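These notes concern the structure reproduced below.
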Amino acid sequence: MNPDFYQKNRRALLDKIGGGALVVITGYGEVQRTHDAACWFEQEANFWYLTGVDLPDWWLVLDGTHGTEWLVSPEISDTQAVFDGSFSPETIKSGSGIKTIIERDEAVRRLRQLVKHHSIVYTTEQPSYLREHGHFQLNSAQAELKKTLERTFQTVQLCNRELAELRTIKQPEETTAIQAAIDVTIGAIEAMKQSLSGAKYEYELDAILTQAIRSKGARHAYDPIVASGINACTLHYVKNQGRLSKKELVLLDVGARVNGYAADISRTYSLGTPTKRQHAVHDAVREAQERCINLLKPGLSLQEYQAECEHIMKTALTSLKLSTERYREYFPHAMGHGLGVDVHDNLVGHSSLRPGMVLTVEPGIYIRDEQIGVRIEDDILITENGFKNLSARLSTEIR
Ligand SMILES: [Mn+2]
């Protein structure tokens, strides 16, 4: 992205909070994968949205009162620089459009000075549904910064909501990036389809998807799902080690990340000639997806959309002679989510659809007893008059 993009986002955030605010936010820190190896680093989405900086442990300080902004670099030891490389201050300045980089000690000293002008400081934290129900360790960078700020400032407030509201409405360059990510993903799925009939294991299909995405210089935005038969009933199945059978369906959920933005597409294919039942379930999901997509237009309340979707899914279950009393068992996830820098982007702060939102529509029906799991997912942009299906070019047919 162009530095103007990040600059525009910083200005929009200050305008939203109230021009003279002081904002201090951090990117993620690195986390352990095993022993002395770190996980692949991906930047915290808000921090990336405001700076484009893709390195761990950096801070951003925006002082609306004085019209100043700085990036704060972590201390990097000489040894660490040898192993992980050092950063180029000039590249970071020209990439982010922020002219000043200072070190942590200096930043803490300057923040103490700013207490005179600001009794309130704004920062970010992990959303409460992750803090309370997460089944994994959260990246602690935001919580640590918040503690540091609480020691210095009288009041620490959050600007997560303001950032979410901004990020929900995509600017043209963001939609372009999402479309590019979708195009790479569609290319990968189409390449994989050529090998569907010959492949013996899920990982062979995974390898083709990964090859196609990496060869475009992109990466997976999340671990791809290649789930055949009963495996498709495990929603986040990412092992991709199972043996394929001509008698089963295979569910794919894959998305590339391009220029910071994610795609998120699911298709379900038959490996051989589908049975009548497999075909019927697949058709029911396809039809439900089409009906749900056709509801989308600006002004539609999210609550109303959800209610309509539930009705459509119950009709689909009934057509398959499945009891609607077991609705949440056959369809245990949401109809979709926002899409952007994060694969599960927020739709927070909006009660109805607005032009510029991008969301997924992904109905699924999972019948454990019959070893059938079907999900079909497209990425939809809300436009002035209705919607545009950004992934429509990839057929949703069973073969
Ligand atoms: Mn999705």
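When residues of the stretch 1-25 are filtered for being of a type in the set (Ser, Thr, Tyr) and either under 12 Å from Thr65 (Cβ atoms) or touching a strand residue (DSSP E or B) at 6+ places or on another chain (Cβ under 9 Å) (or both), how many remain?
0
Just wondering, is there one or more residues in the stretch 274-285 that are in a helix (DSSP H, G or I) and within 16 Å of the ligand (Cβ to nearest atom)?
Yes, that holds for at least one residue.
Applying the selection to the stretch 60-110, what residues are free of Cβ contacts under 8 Å to residues at least 60 places away in the same chain, of a type in the set (Gly, Ala, Ser) and part of a helix (DSSP H, G or I)?
Within the stretch 60-110, Ala81, Ala107 qualify.
Yes/no matrix, rows are residues, columns are (1) at pLDDT 95 or above; (2) touching a helix residue (DSSP H, G or I) at 6+ places or on another chain (Cβ under 7 Å):
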position	(1), (2)
Met313	yes, yes
Phe331	yes, yes
Ala334	no, no
Asp345	no, yes
Val348	no, yes
Gly356	yes, no
Pro363	yes, yes
Glu377	yes, no
Ala392	yes, no
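Just to be sure, is Leu271 at pLDDT below 95 and either in contact with a helix residue (DSSP H, G or I) (Cβ under 6 Å, 6 or more places away or on another chain) or away from the ligand (no atom under 16 Å from the Cβ) (or both)? Let's see the steps before the verdict.
Working: at pLDDT below 95: yes; either in contact with a helix residue (DSSP H, G or I) (Cβ under 6 Å, 6 or more places away or on another chain) or away from the ligand (no atom under 16 Å from the Cβ) (or both): yes.
So Leu271 passes the test.
Residue-by-condition table, conditions (1) crowded, with 22+ Cβ neighbours inside 10 Å; (2) out of contact with any strand residue (DSSP E or B) (no Cβ under 7 Å at 6 or more places or on another chain):
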| position | (1), (2) |
| --- | --- |
| Ser301 | no, no |
| Ile312 | no, yes |
| Gly338 | no, no |
| Ser351 | no, no |
| Val358 | yes, no |
| Ile367 | no, yes |
| Ile372 | yes, no |
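So which residues in the stretch 1-36 are under 30 Å from Lys116 (Cβ atoms) and part of a helix (DSSP H, G or I), if there are any at all?
Once the filter is applied, which keeps residues that are under 30 Å from Lys116 (Cβ atoms) and part of a helix (DSSP H, G or I), the stretch 1-36 yields Tyr6, Gln7, Lys8, Asn9, Arg10, Arg11, Ala12, Leu13, Leu14, Asp15, Lys16, Ile17.
What number goes with the only condition from (1) touching a helix residue (DSSP H, G or I) at 6+ places or on another chain (Cβ under 7 Å); (2) under 28 Å from Lys170 (Cβ atoms) that Leu111 does not pass?
It is condition (2) that Leu111 fails.
Could you pull out every one of the strands (runs of 3 or more DSSP E) wholly within the stretch 305-377 that has 2 or more residues that are within 15 Å of the ligand (Cβ to nearest atom) and under 14 Å from Asp264 (Cβ atoms)?
So the answer is 358-361.
The values are calculated or read from the model by the stated rules, or taken from the named source; none is laboratory data. Every value quoted in this text rests on a predicted model; they were computed, and no experiment measured them. Cβ coordinates were reconstructed from backbone atoms using ideal geometry, including for glycine residues, and neighbour counts include every protein chain displayed.
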